[in-house]
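Peer 1: Before I ask anything, here is the structure I am working with.
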Amino acid sequence: MTRGLSLSCLALGALACQGSPRMMTSADSTAIVAEGRAFMESYVKDLLAGDAKALAARYDTTGAWLVGNGTTEFASLDSIRADYHAVASTPPISFEWRDLSYEPISRDAIVVVGRFTSALPGTPPATLSYVVLLRRQGTGLRIRVEDESMDPRQIPMPAAHPDSVKTGG
């Protein structure tokens, strides 16, 4: 096993290193990047269509780590399905990936890093950072770790309570 692959396996807790390890070739890298790009492009179509079933099917069948804005949660697939069922009733009116970078981990896993801009009905567009670990499960890639974090400058701050405002004197 090469040093780079062994470190990747250690960092992922062997999530992406199933079976006997072998050095990732240029063809492996090209293939997993193409598959990652196709996954991300079709994700947008499902999201804008409000297709809850298709969106939930993109997640690892054993569940996924959902992190962002200081939170960390391991969600079961049933929980993810319920969340997307609620989202499907009001899908975003716009969604666009921005500045995506594809970092192959193995022939069966890739990390995608970038941002997205999205708007829900009646709200201004918001831009969030995005990181996802996609790993092969069955015949396709599935989300195992997903981080969506808002720029802290965009998070609305609560207004100060009038009683807490001090006056000079």
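Peer 1: Distance in nm between label sites at A34 and T90, each 7 Å beyond Cα in the beta-carbon direction?
Peer 2: 4.1
Peer 1: If you average the sequence gap of Cα pairs under 8 Å that are 6 or more apart and divide by the length of segment 23-152, what percent do you get for the contact order?
Peer 2: 26
Peer 1: Please state the charge dipole magnitude for segment 23-152, taken about the Cα centre, from unit charges on C-beta atoms (+1 on K and R, -1 on D and E), reported in debye and rounded to the nearest 20.
Peer 2: Taking the Cα centre of segment 23-152 as origin, the dipole is about 260 debye.
Peer 1: Can you compute 3J(HN,Hα) from phi for each residue in segment 136-146, using the Karplus curve 6.51 cos²θ - 1.76 cosθ + 1.60 with θ = phi - 60°, rounded to whole Hz and x for Gly and Pro?
Peer 2: The phi angles translate into 5, 9, x, 9, x, 7, 9, 7, 10, 9, 9 Hz.
Peer 1: Could I ask something else about it? Which cross-chain or sequence-distant (5 or more) residues have an amide H under 5 Å from the amide H of Q137, H modelled 1.01 Å from N in plane?
Peer 2: Those lying under 5 Å, H to H, from Q137 are R142.
Peer 1: Sticking with this one: Scan around I93 for amide H atoms under 5 Å from its own, H built in the peptide plane at 1.01 Å from N, and keep only partners 5 or more places away or cross-chain.
Peer 2: Amide H neighbours of I93: A119, L120.
Peer 1: To make sure I understand, if each residue's beta carbon is the centre and we count other beta carbons within 10 Å, what order do S29, S118, S106, S42 fall in, fewest to most?
Peer 2: If I rank by nearby Cβ atoms, fewest first, I get S42, S29, S118, S106.
Values quoted throughout were computed directly from the atomic coordinates according to the rules given, and no laboratory measurement underlies them. This structure is a prediction, so every number in the text was calculated from the model and none was measured. Don't worry about glycine lacking a Cβ; one is built from the backbone with ideal geometry, like all the others, and counts go over all protein chains shown.
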